[in-house]
Amino acid sequence: MVSSFLKWVSGIGEAFLGIPLYGGLFVFSLGWTPLIAMLVLHIVTLIFSSKENSRYYGSILGIITSLLAWIPILGMILHVISGFLLIWDAYNSSKKKALV
């Protein structure tokens, strides 16, 4: 499933951006472009998840995170939570696919 792959990619990206100091420096050094890229990735993931009748709560939280991540501490916390939810959902989707 395409949505599972996209959840893995976006979840790992969110987890990276949630690393204190490193994630912030990465975002600042590229002029907030990573937040825009993650927003687009979350929207694409949401579309594929919807088409595949897969859970999409992680993508919605990712969209919210991308819009609010410019707030320093809140952004870090939201990145960590979004990353965890997306990776957890991707893992469960991959596990279900293996059982089928």
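For the set Thr33, Thr65, the ranking by accessible area, highest first and with no ligand, DNA or RNA atoms included, is Thr33, Thr65 under a 1.4 Å probe. In the assembled protein chains, Leu85 presents an accessible area of approximately 50 Å² (probe radius 1.4 Å).
Ile81 sits with roughly 80 Å² accessible to a 1.4 Å probe, with DNA, RNA and ligands left out of the calculation.
How much of the accessible area of the chain, probe 1.4 Å, is carbon plus sulfur, in whole percent? On the chain, the fraction of accessible area on carbon and sulfur atoms equals 80 percent.
Accessible surface for the chain, divided over its residues, is 59 Å² per residue with a 1.4 Å probe. A simple spin-label model places the labels of Ile64 and Val44 2.4 nm from each other, with each point 7 Å out along Cα-to-Cβ. The angle separating the long axis of helix 57-68 from the principal Cα axis of greatest extent in the chain is about 10 degrees. In the complete set of protein chains, residue-level accessible area for Ser66 is approximately 10 Å², probe 1.4 angstrom.
Remark: relative contact order (the chain) = 42 percent; criterion is Cα-Cα distance under 8 angstrom and separation of 6 or more residues. Given in Å, the Rg to one decimal and the Dmax to the nearest whole number for the Cα atoms of the chain are 13.1, 44.
The values are calculated or read from the model by the stated rules, or taken from the named source; none is laboratory data. These numbers were taken from a predicted model, which means no experiment stands behind them. Quick reminder, even Gly has a Cβ in these numbers, built from the backbone with ideal geometry, and neighbours come from all protein chains shown. Please note that ligands, DNA and RNA were not included when accessible areas were found on the heavy atoms of the full protein model with its side chains. Shrake-Rupley method; radii C 1.70, N 1.55, O 1.52, S 1.80 Å.
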